[in-house]
1. Accessible area of the range 62-153 with a 1.4 Å probe: how many percent of it is carbon plus sulfur?
2. With every protein chain kept in the model, how would you rank 364, 340 by accessible area, 1.4 Å probe, largest at the top?
3. Rounded to the nearest 5, what is the percent of antiparallel bridges among the DSSP beta bridges in the range 41-170?
4. Using only protein heavy atoms and a 1.4 Å probe, report how much of residue 114 is accessible, in Å² to the nearest 10.
5. With r as the distance between the Cβ atoms of residue 89 and residue 122 and R0 = 25 Å, compute the FRET efficiency 1/(1 + (r/R0)^6) and round to 0.05.
6. For residue 289, tell me the accessible area in Å² from a 1.4 Å probe, rounded to the nearest 10.
7. With every protein chain present, what accessible area does residue 206 have (1.4 Å probe, heavy atoms only), rounded to the nearest 10 Å²?
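The values are calculated or read from the model by the stated rules, or taken from the named source; none is laboratory data. Just so you know, these numbers come straight off a predicted model, no measurement behind them. Cβ coordinates were reconstructed from backbone atoms using ideal geometry, including for glycine residues, and neighbour counts include every protein chain displayed. Surface accessibility is based on the protein's heavy atoms, side chains included, excluding ligands, DNA and RNA. Shrake-Rupley method; radii C 1.70, N 1.55, O 1.52, S 1.80 Å.
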Amino acid sequence: MASRGGGAGAAARMDPEAAAELVRKGATLLFLDVPQRTLFGIDSQMFAVGPKFKGIKMVPPGPHFVYYCSSSRHGNEFAPTVGFFLTTHTSEVIVRKWDAQEERLIKLSEEEEIRYSEAVRRFEFDDQLGPYNLDSYGDWKQLSNYLSQSIIERLEPIGGEITIAWESSWMDKAPQSDMERRLVEQLRESKFAKKSPVQSERRGCYYTSIPASVKHKDISGGDLTALNLDKTGLLESILAKNYEGQEELLLGELQFAFIAFMMGQSLEAFMQWKTLVSLLLSCSEAPLHTRTNMFVKFIRTFYYQLKHGFQHTQDSKSGDMTNSLFLDEAWFSRDIFLYRLSKDFFTVILEAPVVDGDLLSWARKLKTLLETTFGWDLEDNAVNLIDEDDEFAPVVVDMDGSEQ
């Protein structure tokens, strides 16, 4: 491997007995025939494939995200990223082989997989396997602690592969703000000069459908406005209908979507992440009274997502390899959906007469991150930016029932 961001160093600092134990108990991902210069990632680690690369060993049990993009002969142009989630178990061996025609990893027959797995357990590939970088495992856990095998299986597309190459018709139909239009162009034009093999349009991930607003014939205009200004009622109905009342299933989907967007560069995933973040930031009763514990978990999750994304942005400026989409300058502008929603949310939390200590602590931490990273002034109460094209802007209803 050409670059592993410190993985080999982490292994070198271990004593031989501890390293051998990890090799035995950790999972092994055997990836055969991956071309040199392919950009390859697992979780928050990314590197360029070198001549000896055959995969990764010492992978901790649990959910992971593998992603890659093939390069041109000179390594200066890349095909769209292809990624997939998997859940590893103790001492498991997972085998994939590169299909040169389709430029992607494919599964082998059961017989071949058993043969290669036995060879891995005999350490025949050991010097061609890079160690999982345990120094960055803590970062990955912060991004994936609500992910489970059942959540992955519920959300992943048929075949498991997530790639923007199969999202073209979906992108044309998706509602987009100016920032999202720039993001689409960035994905279509600047990121990938190398054309990917032609693929038939496939169905994407099975994300939960989240309505942008509450609509009900039997509710008065004033009550409907209140319901849409505070989306606690909508959150409760969605939790009951789609998540069996379990908050952590929603938080798991939030993490799935962020990872698929951040590492897998999926615009469909970005839109689902935005939808879920917008819903949660539009609640005021839930964080203060009915779902306080859930909102402590959400703000902590959201904090680490943004911290991870912008850490990658800063790393990339120093020349380190990165797979970040957060480089687009539009993320720092105050017309992004996050600015207004965050500003209103902090007002609810920080000005409440009584508030949970953990909720207050994490809200302050998130506010500081947004102010220092984005340069936002979240104290300026005179500013009220509402994008008329924003589908998540508050719905205000006249007393005759018509929406504004």
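1. Exposed carbon and sulfur together represent 44 percent of the surface.
2. Output order, biggest surface exposure first: 364, 340.
3. Roughly 90 percent of the DSSP beta bridges within the range 41-170 come out antiparallel.
4. Counting only protein heavy atoms, the figure is 90 Å².
5. The pair residue 122/residue 89 has a calculated efficiency of 0.80.
6. 120
7. Around 80 Å² of this residue is reachable by solvent.
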